[in-house]
Each structure stands twice: as structure tokens, then as C-alpha cells.
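Take a look at the structure set out below.
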Amino acid sequence: MLGLTRRALMGAFTIATLCLAQPALADDGHPYFGPEALDLTVLLVPPPAKDSDVTKAELAEVKALQASVSDARKQQAIADAEEGFTPFVTTTSLAAVDPAKLPLTVALIQRVLDTEDAATTPAKKFFDRARPPLVDDTIKPLAKMSKSNAYPSGHTTNGTAIAIVLSEMVPEKRAELMARAEDYATSRLIVGVHYRSDLGAGFASGALIAKELEENAEFQKEMAPAKAELRAALGL
């Protein structure tokens, strides 16, 4: 009986040790790198001040967009709150491919998303810019508003990075993928959760992430088979 108790204790200790050893993958995804490789707090210019004329103009733009775009465009903007390979390509020719046939591509893009989150989360905290509805209560968000701060736009960052990565895999689709990145970013204005300058910082951040990925050996190793998979599925 004593031996069984010891074995049980040793088993519990081993499980606990394994759980403690791997919290990052469970909680923070599996990024290729984080702020130690790309510190956006020093690479991005600060956002406009809350009481500046620029911010006032940006708030006015959000309200004007919400009042002028069609219901169909609003619905697309709401759908664009989703992140990942499938939501991003939904309005492109890549949407014709069943994502179940693209496991390597979907996994690669998820890691790009994890990388974006790792890079932008510290920057959002550092710049501490409140989202438009928290500054002007006449702006009503059309999608669930994240608890994170506004600057830079995470959706714009990952949309830009995804568009660049996919464009490297299927350069034949570069024009529509880059157009999709811009449209995906504009959705964040339409749903009322970002300012125009958040998007500008997101475009810059996404490009910086994509550039850093070019130098990342692990990413390049995983991109090669994903590229072959995607091109084959598209008949390219």
C-alpha cells in the first residue's frame, strides 16, 4: 500500500512538472518570435493625443463611415472581426479551396496570428490608446470590442502579415490579397473600434512582422511545404 502511494505521488509530481514546464503554448499560442525580436514600442511613432485635432477628425471619420456604408458592408465588417486563414480569404479566390485540405497552410497562418499577438500586445499596453467608443459615446461598436487598447490595430497587423505571407506563397494572387488586407483593415473603422492611425500603425507592424519572418528559420522551414500544399490545391 505504501509503495502504491509513493508511485501515485511520483506520478502526480511528474504531471505537475510537465504542466509547469509548458504554460506558454496553452496560454499564448505558438509564436515564431515575440517582442524580444520585434519591439514595436520603439519602432512605431506614438498615436495622436486624445484631445488632438487629428483624433477628433478620426472620430468624425468613424461616425461618417458608419452612417454611409451599406448594410451589406456592415455585415462584412462584422464578419471580419473573426481572425485566421478562412476569415481572411473569405472574399478572395482562395476561399474556393476547402480549408480541410490545407492543414499546413492553416497552421502556418495561425502561428503568424500568434506572432502578431505576441508582438502587438506589449505595444497596445505601452501606447495605451482608448478605443473610439470609450472616447466618444455616440460611436456604437458593431462588433464585440476587445478589452485591449487600440494602437496598433491587431486585425490590421495580422491581415497585412497574412497577405504578405500568402503573396509569397501564391504571387499570382498578390493584388487581390493586398486589396483584401486593406479592406479587412477598413472593417475595423466601420465597426467603430479603431481610428485611421491605428490602421496605419497596423500596416507598418504587419510589414515588419513579415520582414522578420523572412529571417526566421523555423518559419521558412514550415512555409515550404505549406506553399506546395496551397499551390497544389489552387492548381498552380
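Key figures
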item: Debye log10 I(q)/I(0) for the range 69-151, one point scatterer per Cα, at q = 0.10, 0.21 Å⁻¹; result: -0.36, -1.10
item: 1.4 Å probe accessible area per residue over the range 140-184, in Å²; result: 40 Å²
item: Carbon/sulfur fraction of accessible area - the range 64-175, other protein chains in place, 1.4 Å, %; result: 56 percent
item: 17 Å cut-off, amide nitrogen to a point 7 angstrom out along ALA95 Cα→Cβ, residues in the range 187-231; result: 187-188
item: For the range 157-236, diffusion coefficient by Stokes-Einstein and Kirkwood Rh (Cα), 10 °C, 1.306 mPa s, µm²/s; result: 118 µm²/s
item: Between the range 49-67 and the range 90-151, the alpha-carbon center distance in angstrom; result: 21 Å
item: Lysine-lysine proximity count for the range 68-162, Cα under 26 Å, sequence distance 8 or more or distinct chains; result: 10
item: Crossing angle, helix 103-127 versus the chain [Cα axis fit, 0-90 degrees, rounded to tens]; result: 70 degrees
item: Solvent-accessible area per residue, Å², over the range 32-124 with all protein chains present [probe radius 1.4 Å]; result: 49 Å²
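The values are calculated or read from the model by the stated rules, or taken from the named source; none is laboratory data. Just so we're clear, the structure is a prediction, and the values are computed from it rather than from any experiment. Using ideal geometry, Cβ is built from the backbone for each residue, glycine included, and neighbour counts are taken over all protein chains shown. Please note that ligands, DNA and RNA were not included when accessible areas were found on the heavy atoms of the full protein model with its side chains. Shrake-Rupley method; radii C 1.70, N 1.55, O 1.52, S 1.80 Å.
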